[in-house]
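Each reported figure results from applying straightforward, stated rules to the coordinates on display, with no laboratory input. The structure presented is a predicted model; accordingly, all values stated were derived computationally and were not measured. Cβ atoms come from the backbone with ideal geometry, glycine included; neighbour counts cover every protein chain shown.
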Amino acid sequence: MSVVNAGNDRDAFRITLLGTGSPRPNLDRQHPAALVQWGSAGHMLVDAGDGVVGQLLTAGVALEQVHNVALTHMHWDHILGYPAFVWGSWNAGRLKLTVTGPIGTSDMHHRLVESYYREQAEWAMDLGFPRSGFDDIEVRDVPVGWSENISGCLVEAGPVYHPPMHALAFRFTFDGRSLVVTGDTAMCEELIAFTQGADVLVIDACAAAPSNDLPPARRRIIERLHEFHASPQDCIDIAIRANVSKVVLTHHLPGVEPDFDAAKFSGEVIVGNDLDIIDI
Ligand SMILES: [Zn+2]
Ligand SMILES: [Zn+2]
């Protein structure tokens, strides 16, 4: 995997959790982001929350080699680090970039990168930075059902339930193995169908039950999150019904322990932490 200079393992297929947190800033958990890697150089950065550039560097990733990004949706905790990634990787020498996400992705890129930073980019190009990697960034809004073969991996966009946002899950199938990364989602029948038989499911488990010592106003906010996010127990139930072998819970609130009963699940449950690497 040349992106992390970890040799040339053609069968490798793994996900590095770069950020397993939620919107509230937290030293232990950065905002959502993960790097999926396969084969000798295949990769996709999924989401780019705050801290993504630092986490990529900490994980030993060569920023300039990351040129595929998928965004699950445009909530701020998933894209705050996007302009930092575009700039940081371009500054490090990245010469191309393809960004894929739901409706709203190109508008976000236009407003957060192109519109605000064009003048500064022109200044940098005048200084000698190449136009490629900034001028020719390909940003595409794609629907549920979109798929593409990227470096030998089938990447598919699937449904989640995260109103009112346009949002996607992504499924990666490489060498007979598959991984689903949901982004944010509440319990969703269509997601269960999309996830069927995956080896690994990385899923939003944000809607954990609030602890009793929280102030009532904060408890109410956390309880209402269940309308938009899965609870840890929902994640286990989805994994059971989708016949998944391993489920990885992410998008954790600070100070909230994920509570679940996995007695009926024959697979493995992992409570994801920043910089965990999970082989598919
Ligand atoms: Zn969200
Ligand atoms: Zn989120």
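Brief remarks follow.
- Fraction of beta bridges assigned by DSSP in segment 2-279 that are antiparallel (%, nearest 5): 60
- For the chain, the fraction of C-alpha pairs farther apart than 28 angstrom is 32 percent.
- Calculated mean residue ellipticity, 222 nm, the chain: -6000 deg cm²/dmol, from DSSP H runs (n ≥ 4) at -39500 (n - 2.57) each, averaged per residue and rounded to 500.
- Counting only Cα atoms, the size of segment 149-245 along its three principal axes is 50, 26, 21 Å, in decreasing order.
- Theoretical FRET efficiency, 1/(1+(r/R0)^6), r = Cβ-Cβ of Asn243 and Asp126, R0 45 Å, to 0.05: 0.20
- Between Thr72 and Asp47, the built amide H atoms are under 5 Å apart, and every one of these is 5 or more places off in sequence or on another chain.
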